[in-house]
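Laboratory data are not the source of any read-out in this text; all were calculated from the coordinates shown. Bear in mind that the values here come from a model prediction, so they are computed numbers and not experimental data. Note that each Cβ is placed from the backbone with ideal geometry, even for glycine, and that neighbours are counted across all protein chains shown.
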Amino acid sequence: MKIKLTFFLLLTLFSSFISAEELINLSSDQLIALQKNQNALVIDIRTEKEWATTGTIPNSHKLQFFSANGKYDTEKWLSDLENLKSSAEQPIILVCRSGSRSGMVGNMLSKQKNMKNIFHLSNGIMPWIKAGNEVNKECSPQQSC
């Protein structure tokens, strides 16, 4: 009886690991391919100031996750994300400055919210820019671009 109980407990434990989705790191080239071939939704989770400073990846959506003070409203953000998706299975690629915040948010989506097809741009937008990839810059009247 103890063997059956132990086996059942181990099976239950391992099945939770198997069912958890994993966050997938992408290179710039992989992001481009996934966006082009699978209509991936690129979500830039940085702050307004960061968007203005560096610009954004073409066809990405600005959906700030953390405020300047590090605060966040997960449920509102998830609701806004759902409004941007064209299908339940649409791949989502998260982007931040260095990959740290997008990694945290991506892990939350895949592990805690059990969402599938969650990716993030490895090392963030800075290597994207350094590689000479295109960015969209929106300049305010106070800025010169």
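Spacing of the modelled spin labels on Y72 and E22, each 7 Å from Cα toward Cβ, amounts to 2.2 nm. Over all pairs of different C-alpha atoms in the range 15-122, the reciprocal of the mean inverse distance, the Kirkwood hydrodynamic radius, equals 14.0 Å. Please report, to two decimal places, log10 I(q)/I(0) for the range 51-112 at q = 0.11, 0.16, 0.25 Å⁻¹ as given by the Debye formula with identical point scatterers on the Cα atoms and no solvent. The Debye formula, applied to the Cα set alone, gives -0.26, -0.56, -1.45.
Mind checking which aspartates and glutamates have their Cα closer than 18 Å to the Cα of K62? Skip sequence neighbours fewer than 8 apart in that chain. Hits, sequence-local ones excluded: D44, E48, E50, D73, E75, D80, E82, E134, E138.
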